[in-house]
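Engineer: Could you have a look at this structure, given as structure tokens, before my questions?
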Amino acid sequence: MRLSVVIPAHNEVDGIETTVRELHVRLAQSEIEHEIVVVDDHSSDGTGELLARLAAEIAELRPIENLGSGGFGLAVRAGLDAASGDAIAVYMADASDSAEDLVVFFRVMEERGVDCVFGTRFGPGGKTHAYPAVKLVMNRIANLGIRCLFGMRYDDTTNAFKLYRRHVVEGMKPFLSHHFNLTVEMPLKAIVRGYTYAIVPNTWTNRTLGTSKFGIKEMGSRYAFIILYCFLERWLSRGDYRSPDAPQAARPSRRRALSRD
């Protein structure tokens, strides 16, 4: 199974080289066939030029440009379209995600045969380092609301760090989100449309270089729209939008989740 790692990057010249090198080394050490698709999202700080130099050294690196409108979600979508792997991970450019965790995600997908692997920073075994207090409170409130609304036990839907099989990504299209709300749209659609998933603890570390592109306002109307859209699809569509690739016996509920234990 070949792994594609999609990394959106907007003005990440300070940290993207470290992120790419550490990720590539760890995947190579684990003998995981991979490509790293870094999407330059209209950067003005030299990120694109740096990626071009790195690509001359690291054959697995595929830098591309987001030729459409800017935005985290649109950049990820461009990367998903360009990815050629059998499994596709969304990974952050600021090194907040762990390459070691990605190896674990990949092994869990291989061993258990699930369609998706979702990280949790707040469940048993999960860790965060220097998580901003205000953002943490809003995160916990938002995730509690999603859990109650969808009746599921997964507690970190807003976590961008997830791994999907290619057929799941295709089965979730068309995507609606332009911004960080894509991190919610993807897992909720996967769950609603009946794909199987495992929940695996992961570690998140706040960036030490560059500037965060996430705005608190992202927790507002854009997130609410996507959550409501997926909720209505679940309860009103009668399964009309479920991909034919999804398992026939799938149920979009907590019973479909598989823990790491």
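The values are calculated or read from the model by the stated rules, or taken from the named source; none is laboratory data. Quick caveat: nothing in here was measured; it's all calculated off a predicted structure. Ideal geometry is used to build each Cβ from the backbone, glycine not excepted, and the neighbour counts take in all protein chains shown. To get the accessible areas, we keep the full protein, side chains included, count just its heavy atoms, and leave off ligands, DNA and RNA. Shrake-Rupley method; radii C 1.70, N 1.55, O 1.52, S 1.80 Å.
Engineer: At 7 Å along the Cα-to-beta-carbon direction for both Leu176 and Ser44, put a label point, then send me their distance in nm to one decimal.
Structural biologist: It works out to 3.2 nm between the two label points.
Engineer: Which cross-chain or sequence-distant (5 or more) residues have an amide H under 5 Å from the amide H of Ser43, H modelled 1.01 Å from N in plane?
Structural biologist: Asn11
Engineer: Loop sites only, by DSSP: take the GluC sites (Glu not before Pro) in the chain that have at most 15 other C-beta atoms within 10 Å and name the longest stretch containing none of them.
Structural biologist: It works out to 34-261.
Engineer: Work out how much length Asp86 to Lys135 would gain on full extension: take 0.36 nm times their residue separation and subtract the Cα-Cα distance, in nm to one decimal.
Structural biologist: Contour length minus the Cα-Cα distance gives 14.3 nm.
Engineer: Return one whole number: the accessible area per residue of the chain in Å², for a 1.4 Å probe.
Structural biologist: 44 Å²
Engineer: Just to confirm the number: angle between the C-alpha axis of helix 133-150 and the first principal axis of the chain, 0 to 90 degrees, nearest 10?
Structural biologist: 40 degrees
Engineer: Here's another thing I want to ask about it. Per 0.36 nm of contour for each residue apart, how much would the distance between Glu110 and Val25 grow if the chain were fully extended, relative to their Cα-Cα spacing?
Structural biologist: Contour length minus the Cα-Cα distance gives 28.6 nm.
Engineer: Tell me the relative contact order for the chain as a rounded percent, counting alpha carbon contacts under 8 Å between residues six or more apart.
Structural biologist: 22 percent
Engineer: Figure the gain on full extension for Thr205 and Trp235 (residue separation times 0.36 nm, minus the Cα-Cα span) and round it to one decimal in nm.
Structural biologist: Extending this stretch completely gives an extra 7.2 nm.
Engineer: Relative to the longest principal Cα axis of the chain, at what angle does helix 182-192 sit, 0 to 90 degrees, rounded to 10?
Structural biologist: Roughly 40 degrees, rounded to the nearest 10.
Engineer: Using θ = phi - 60° and the Karplus curve 6.51 cos²θ - 1.76 cosθ + 1.60, what whole-Hz ³J(HN,Hα) does each residue of the range 165-177 get, with Gly and Pro shown as x?
Structural biologist: 6, 4, 5, 6, 4, 5, x, 8, 6, x, 7, 10, 7
Engineer: For the chain, set up a GNM with springs between Cα atoms under 10 Å and report which of Phe175, Phe161, Phe106 has the largest fluctuation.
Structural biologist: Judging by the Gaussian network model, the answer is Phe175.
Engineer: Scan around Thr120 for amide H atoms under 5 Å from its own, H built in the peptide plane at 1.01 Å from N, and keep only partners 5 or more places away or cross-chain.
Structural biologist: HN-HN under 5 Å from Thr120: Val200, Asn202.
Engineer: Moving to a separate point now. Can you tell me the 0 to 90 degree angle between the C-alpha axis of helix 72-82 and the longest principal axis of the chain, rounded to 10?
Structural biologist: 80 degrees
Engineer: I would also like to ask the following. Which of the following values of mean projected area of the Cα convex hull in nm² was calculated from the structure shown: (i) 15.9; (ii) 14.9; (iii) 12.8?
Structural biologist: (iii)
Engineer: Which ³J(HN,Hα) values, rounded to whole Hz and listed in residue order, are derived for the range 110-119 from phi using the Karplus coefficients 6.51, -1.76 and 1.60 in 6.51 cos²θ - 1.76 cosθ + 1.60 with θ = phi - 60°, glycine and proline given as x?
Structural biologist: Values per residue, Gly and Pro as x: 5, 6, 9, x, 6, 7, 9, 10, 10, x Hz.
Engineer: Continuing with this model, one more query. So what is the relative contact order of the range 12-144, in percent, for Cα pairs below 8 Å that sit 6 or more residues apart?
Structural biologist: 25 percent
Engineer: Given the -39500 (n - 2.57) contribution per DSSP H run of 4+ residues, what per-residue ellipticity at 222 nm results for the chain, rounded to the nearest 500 deg cm²/dmol?
Structural biologist: -12500 deg cm²/dmol
Engineer: What do you get for trypsin sites (Lys or Arg not before Pro) in the range 91-183 restricted to DSSP loop and a cutoff of at most 15 other Cβ within 10 Å of the site's Cβ?
Structural biologist: Sites meeting the loop and neighbour criteria: Arg153.
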